[in-house]
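> Got a structure for you, written out below as structure tokens; questions coming shortly.
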Amino acid sequence: MRKHGERTGLDTLSVHAVNVSHLGLVLGLFSLLSSASDEHYSKPNELKTPSKIGDRPTSDVVVRLRTQDGRDDWLYCHSDVLVEESKYFADRLSDSWPTCQILDSRNCVEVYCEEPDLDSHVNVLRLFYVIADGLMTEVCHGVKNALGILRVAVKLGCPRIIAVCVDYLEAVPWEEAEEEEILNTIPSMGSKAEPVLARLQPVNPTAVMKIFLTTLQFATSSPPSPLHDLKNTAQEQLEYMLTEDDDAPLVTTDEEIKLEVIRCVKKLFVRFNSLVESLTCDLQESISDAGKMQSLHSCLTDLLWACQILGKLEIIRDFVCSWTELSVKLVKIVQQKDAENQILKTKLKVLEVTAKVLEAVGYGIVVLPTVKRLHMVKLWLPFVQTMKPLVDSFTEETEDDLTLKVDSDIWQSLESAFVAIILTLPSVDQTDILTEWLDNQQIRYPDLTEAFEVWCYRSKVAKRRLTTLAEEHNTAKAV
């Protein structure tokens, strides 16, 4: 049974003299090696057979791989191979090594490693004996294995194996977990491993701008049906580029970006406007045209996405104004009773875009004159009042149809927007709107209670407040 001393620290490159208990074995090994050497020199014209790891008769050095957990693996190697392939072993087996004068110290090299890295050490020693780099690449077989080999190769100073592993890792695809491991491993290895990280390097702003603008043009285009999924992906990635989360937005929103976004959205609105005009010319026939209704639904989906982008860039005013101008015709199209079920998905898209527009107006992001604010409330409030029970009943009947379910947040958003806009209108207009609401069967939604309470308070104290202000003004003027 072999003995090994206790160690307080793990020196991964510690080298120790062979144990006395193994001395006889090593001396016997020398005898065999001497005989083999004499035979080799007696036949100079014969080709030398390539060395093989583990070939005990021809081995002149034993590499012992040891771990803190007690593993002690012996590998019979050849000094000429070790010296050629590894700087560490070249130093260790040189005459200048501090322990070279100790008896037989150069014929047994101990290498300490962590238990999980032991197999990688064995693989590296085996790769010393692989002549062709192409065969070495085949041994890598997997990112995790290649990383383990690369770590050991860097530790032992093996330039040929390092180059093969770097080329392999640079060329193969990575899983997400493997990419994280590479990020945790490669940077500490220096310039020789930098090519592995080429695919993860930041892109210069000019290139980012170029791909953003190209993607924007495609995302606002009208490609054939087979490309719709690609278009959806383009829209998602554009929004992601502009989003600030744990990282800063990928694209800096300068004036050039904003102008190009406005231009592309205007082109999108021109197509939408043309479609709406064509649908209103012959309404009954158009509603029954599945192709036109699908085109309308597709355009609305694009406009909803455009709202998100314009909101992030704070340039949504033109969009709101354009939507306001088209609202009457759009409501006329989607309120056709004969096709209520067929166009429900389209009505939901109209509802979602309208919610974004009303939010922008209600929260003062976009300032519209009184007439237009009043128009928006009187047009869209009845539409929303009829849509809520329709969607609720349809969802209850078709629980499995997830495409028709609406996020509950949209109803709260619409309600808050209506309250905010109503409270900005002249009190007379507020009175008319609230009277109609209280007299409507759909009084439960939207709940305008907050607007009603504020109207009651303002109306009750209005005369006193205005009279007091007038008196104070006259007093100040007299003084």
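> Give the number of residues within the stretch 440-454 that are open to solvent by 60 Å² or more (accessible area, probe 1.4 Å) and modelled with pLDDT of 90 or more.
Total meeting the criteria: 4.
> Quick one: is GLU260 within 15 Å of LEU310 (Cβ to Cβ), in the same structural domain as ILE316 (by the TED database), surrounded by 15 or more Cβ atoms within 10 Å (Cβ to Cβ) and modelled with pLDDT of 90 or more?
Here the answer is yes, as GLU260 does meet what is asked.
> Quick check on LEU275: is it within 25 Å of the chain's Cα centre (by Cα), assigned by the TED database to the domain that holds LEU300 and either of a type in the set (A, V, I, L, M) or part of a loop (DSSP other than H, G, I, E, B) (or both)?
no
> Looking only at helices (runs of 4 or more DSSP H) that fall completely inside the stretch 109-208, which ones have 3 or more residues that are open to solvent by less than 40 Å² (accessible area, probe 1.4 Å)?
Counting at least 3 such residues, we get 118-127, 143-156, 159-171.
> Give me the residue from the stretch 37-68 that is surrounded by 11 or more Cβ atoms within 10 Å (Cβ to Cβ) and polar (S, T, N, Q) and, out of that set, modelled with the lowest pLDDT.
The residue in question is SER37.
> What number of residues in the stretch 425-439 are in a loop (DSSP other than H, G, I, E, B) and open to solvent by 70 Å² or more (accessible area, probe 1.4 Å)?
Number of matching residues: 1.
> In the stretch 136-186, how many residues are within 27 Å of ASP91 (Cα to Cα) and either in contact with a Pro (Cβ under 6 Å, 6 or more places away or on another chain) or among the small types (Gly, Ala, Ser) (or both)?
Selection size over the stretch 136-186: 6.
> Can I ask one more? Scan the stretch 349-384 residue by residue and report those that are in a loop (DSSP other than H, G, I, E, B) and open to solvent by 30 Å² or more (accessible area, probe 1.4 Å).
TYR363, GLY364, ILE365, VAL367, PRO369
> Going by the conditions given, is SER191 more than 21 Å from the chain's Cα centre (by Cα) and farther than 30 Å from CYS165 by Cα?
In short, no.
The values are calculated or read from the model by the stated rules, or taken from the named source; none is laboratory data. The structure presented is a predicted model; accordingly, all values stated were derived computationally and were not measured. All Cβ positions, glycine included, derive from the backbone under ideal geometry; neighbour counts span all protein chains shown. Side chains included, ligands, DNA and RNA excluded: accessible areas come from the protein's heavy atoms. Shrake-Rupley method; radii C 1.70, N 1.55, O 1.52, S 1.80 Å.
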